[in-house]
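Since the structure comes first, as structure tokens, the remarks are kept for the end.
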Amino acid sequence: MAVATAVPEGLSTSRERVGWYFYDFANSAFSTTVVTVFLGPYLGSVADKAADANGNVDVLGVTVAAGSLFPYTVSLSVFLTVFVLPVVGAVADRSSRKKQLLALFSYVGAGATVGLLFLTGDRYLLGAGLFLLANICFGAGNVVYNSFLPQIAGPDERDRVSSIGWATGYIGGGLLLLLNVVAVTLGPSLGWPKGEIARWSIVSAGLWWAVFTTLPLTRLRNRPAVAGEHRGRVLTDGFRQLWHTLRGLKAYPLTLFFLIAYLVYNDGIQTVISLASVYADKQLGLSQSVQVGTILLVQFLAFGGAWGLGWLSRRIGAWKTVLGSLVVWTAALGFAYVLPDHQPTGFMLLGGLIGIVLGGSQALSRSLFSQLIPHGREAEYFGLYEISSDGTSWLGPLLFGLAYQATHQYRIAILSLLVFFVVGFGLLLAVPMRRAVVAAGNTPPHVL
């Protein structure tokens, strides 16, 4: 089996890497400002105004509770990405214009986000449709963006490069969210309605995404298509290559095993992030201002955490560092279980603990996976990775919901998520990383 060599010195410049880092800076604003904080409540309020006497709205002939419109839209976008993202990756691998693909998904997604400016009155369908488009483009852009990593960094550099990119993203997402939180806090005293501030905050994320994407587009450079250039049938080639990859995964069982491990523990990470506000509200009785403040704390601590765990990985290896981070995640859930009610300090300490391991565990997982991809299949395999990251994120909320339904205790529900970190730790521990890297045809880094 041929073994791929490290990226030669000079193939990627520091200028190009800085451009790559800034794509995370650009699109993280969508994740924090739009998805995490503002759009859910705002779209819900628009739907409420249009609802009938029973609190329902009509969505293309289907009756939906107004309060369920946003989570249903998120779920639909996740479902669609399962089919879209691997094909996007396959297309990217058969194109020598990945930079143009990145621009396409970024500007369409950013444009859809800016289009939410018109989410007024009873236009809940417009809001749901634009968010659906933006969220799918967000995932597709990440597939293309991640596929640049093996091209700009050799095996021994990827942990550091991936960590810096993730840390830069947390700064970008946190900065815009901070500005919008200040606007929400001070705006009413200046006569600005909170609803209008929320709408313009959503729009600001689209503008931020579009403006800062120009930096990676000017600095990243296209390379020859490593999977063979398509011949005018880019979509057909994409589906054909996707099917070939799915069939060929059996030739890389260790890569598949890593994906399964990542699917499990990342589902726990995503569920903790998405349901922390529910736990804070329903169990701990904390105000929205405390919750938003904690989100900001997590964003900025995650910047330092990504740097810190990146530094640690260069000394003990990314695999051991991620395993250690899963131990911390397990401890964080135990801490959440014993937190006293109505005590914001404890919740913010929990946020700090999560922030320390959040960025690093995700950045180093991306770096580890990049070592397990056969040469020439980067974007396509990252499409599968993105599905493992987002496409199965209903498992954790389902377990949380079932645990609460059985016990009517949010503390038991949050503790039930331990299974994802314990099982994920065991599965990742069972992956022989050095052998897996060699089996994929790559050269293992010196410290793994």
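Here is a check on your reading of the model: is GLY109 within 13 Å of ILE136 (Cβ to Cβ) and not charged (D, E, K, R)?
It is true that GLY109 is within 13 Å of ILE136 (Cβ to Cβ) and not charged (D, E, K, R).
Based on what the data block shows, is GLY308 open to solvent by 10 Å² or more (accessible area, probe 1.4 Å), over 23 Å from VAL264 (Cβ atoms) and touching a residue at least 40 places away in the same chain (Cβ under 8 Å)?
Spelling it out, GLY308 is indeed open to solvent by 10 Å² or more (accessible area, probe 1.4 Å), over 23 Å from VAL264 (Cβ atoms) and touching a residue at least 40 places away in the same chain (Cβ under 8 Å).
Select from the stretch 30-39 the residues that are open to solvent by less than 30 Å² (accessible area, probe 1.4 Å) and modelled with pLDDT of 85 or more and list them in ascending order.
Within the stretch 30-39, PHE30, THR32, THR33, VAL34, PHE38, LEU39 qualify.
Mind checking which pairs have a first residue in the stretch 109-124 that is within 23 Å of ALA51 (Cβ to Cβ) and a second that is β-branched (Val, Ile, Thr) and not in a helix (DSSP H, G or I), Cβ under 9 Å, 6 or more apart or different chains?
From residues that are within 23 Å of ALA51 (Cβ to Cβ), the pairs are ASP122/VAL57; TYR124/VAL57; TYR124/VAL59.
Considering each residue of the stretch 148-189, count those that are touching a Gly at 6+ places or on another chain (Cβ under 7 Å) and among the small types (Gly, Ala, Ser), and give that number.
Selection size over the stretch 148-189: 2.
Working only within the stretch 422-434, note down all residues that are touching a residue at least 24 places away in the same chain (Cβ under 8 Å), of a type outside the set (Val, Ile, Thr) and surrounded by fewer than 19 Cβ atoms within 10 Å (Cβ to Cβ). Don't jump to the end; show me each part of the working.
First pass over the stretch 422-434, keeping only residues touching a residue at least 24 places away in the same chain (Cβ under 8 Å): 422-425, 427-433.
Filter once more, so that each one left must be of a type outside the set (Val, Ile, Thr): 424-425, 427-430, 432-433.
Within the stretch 422-434, LEU427, LEU429, ALA430, PRO432 qualify.
Is it true that ALA47 is modelled with pLDDT of 85 or more, assigned to a helix (DSSP H, G or I) and among the small types (Gly, Ala, Ser)? Quick ask: steps written out before the conclusion?
Numbers: modelled with pLDDT of 85 or more: yes; assigned to a helix (DSSP H, G or I): yes; among the small types (Gly, Ala, Ser): yes.
In short, yes.
Of everything in the stretch 396-413 that's under 21 Å from the mean Cα position of the chain (by Cα) and open to solvent by less than 70 Å² (accessible area, probe 1.4 Å), which residue is farthest from LEU254 (Cα to Cα)? Break it down into steps so the answer makes sense when it comes.
Residues of the stretch 396-413 under 21 Å from the mean Cα position of the chain (by Cα): 396-400.
Pick out the ones that are also open to solvent by less than 70 Å² (accessible area, probe 1.4 Å) and you get 396-397, 399-400.
Values: GLY396: 24, PRO397: 28, LEU399: 27, PHE400: 30 Å.
In this case the residue turns out to be PHE400.
Considering VAL447, VAL338, VAL419, VAL437, which residue is farther than 26 Å from LEU296 by Cα, of a type in the set (Val, Ile, Thr), open to solvent by 20 Å² or more (accessible area, probe 1.4 Å) and modelled with pLDDT of 90 or more?
VAL419
Listed here are the residues, each with its yes/no results for (1) surrounded by fewer than 21 Cβ atoms within 10 Å (Cβ to Cβ); (2) in a helix (DSSP H, G or I); (3) of a type in the set (Phe, Trp, Tyr).
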position	(1), (2), (3)
PRO155	no, no, no
ARG160	yes, yes, no
LEU175	yes, yes, no
ASN180	no, yes, no
SER189	yes, yes, no
TRP200	yes, yes, yes
VAL203	yes, yes, no
GLY206	no, yes, no
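Name the single residue that is modelled with the highest pLDDT among those in the stretch 208-248 being more than 30 Å from LEU178 (Cα to Cα), open to solvent by 70 Å² or more (accessible area, probe 1.4 Å) and charged (D, E, K, R).
ARG221
Regarding GLN343, is this residue without any contact (Cβ under 8 Å) to a residue 24 or more places away in the chain, of a type outside the set (Val, Ile, Thr), over 30 Å from PRO444 (Cβ atoms) and open to solvent by 20 Å² or more (accessible area, probe 1.4 Å)? Reasoning before the result, please.
Values: without any contact (Cβ under 8 Å) to a residue 24 or more places away in the chain: no; of a type outside the set (Val, Ile, Thr): yes; over 30 Å from PRO444 (Cβ atoms): yes; open to solvent by 20 Å² or more (accessible area, probe 1.4 Å): yes.
So GLN343 does not fit the description; no.
Name the residues in the stretch 46-66 that are loosely packed, with under 15 Cβ neighbours inside 10 Å and closer than 20 Å to ASN135 by Cβ, would you?
Hits for the stretch 46-66 are LEU60, VAL62.
Please verify whether GLY355 is at pLDDT below 95 and open to solvent by less than 10 Å² (accessible area, probe 1.4 Å), treating the condition exactly as stated.
yes
Table: residues versus (1) without any contact (Cβ under 8 Å) to a residue 24 or more places away in the chain; (2) open to solvent by 30 Å² or more (accessible area, probe 1.4 Å).
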{"site": "ASN266", "(1), (2)": "no, no"}
{"site": "ILE273", "(1), (2)": "no, yes"}
{"site": "LYS282", "(1), (2)": "no, yes"}
{"site": "THR294", "(1), (2)": "no, no"}
{"site": "ARG315", "(1), (2)": "no, yes"}
{"site": "LYS320", "(1), (2)": "yes, yes"}
{"site": "LEU323", "(1), (2)": "no, no"}
{"site": "LEU326", "(1), (2)": "no, no"}
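I'm told ASP341 meets every condition in (1) charged (D, E, K, R); (2) assigned to a helix (DSSP H, G or I); (3) over 16 Å from GLY424 (Cβ atoms) except one. Can you identify the failing condition by its number?
In the conditions (1) charged (D, E, K, R); (2) assigned to a helix (DSSP H, G or I); (3) over 16 Å from GLY424 (Cβ atoms), ASP341 misses (2) alone.
Out of curiosity, is VAL74 over 18 Å from LEU217 (Cα atoms) and either open to solvent by 60 Å² or more (accessible area, probe 1.4 Å) or modelled with pLDDT under 85 (or both)?
Spelling it out, VAL74 is indeed over 18 Å from LEU217 (Cα atoms) and either open to solvent by 60 Å² or more (accessible area, probe 1.4 Å) or modelled with pLDDT under 85 (or both).
Within the stretch 111-124, is there a residue that is within 15 Å of the chain's Cα centre (by Cα), surrounded by 24 or more Cβ atoms within 10 Å (Cβ to Cβ), among the polar types (S, T, N, Q) and in a helix (DSSP H, G or I)?
Among the residues of the stretch 111-124, not one is within 15 Å of the chain's Cα centre (by Cα), surrounded by 24 or more Cβ atoms within 10 Å (Cβ to Cβ), among the polar types (S, T, N, Q) and in a helix (DSSP H, G or I), which makes the answer no.
Could you say which residue among TYR72, TYR107, TYR42, TYR145 is in contact with a strand residue (DSSP E or B) (Cβ under 7 Å, 6 or more places away or on another chain) and aromatic (Phe, Trp, Tyr)?
Going through TYR72, TYR107, TYR42, TYR145 in turn, the sole match is TYR72.
Between GLY308, GLY324, which is of a type in the set (Gly, Ala, Ser), in a helix (DSSP H, G or I) and farther than 18 Å from ALA167 by Cα?
Of the residues listed, the single one that is of a type in the set (Gly, Ala, Ser), in a helix (DSSP H, G or I) and farther than 18 Å from ALA167 by Cα is GLY324.
The values are calculated or read from the model by the stated rules, or taken from the named source; none is laboratory data. Quick caveat, the model's predicted, so the values are computed rather than measured. All Cβ positions, even for glycine, are placed from backbone atoms using ideal geometry, and neighbour counts span all protein chains on display. These accessible areas exclude ligands, DNA and RNA; they are computed on the full protein's heavy atoms, side chains included. Shrake-Rupley method; radii C 1.70, N 1.55, O 1.52, S 1.80 Å.
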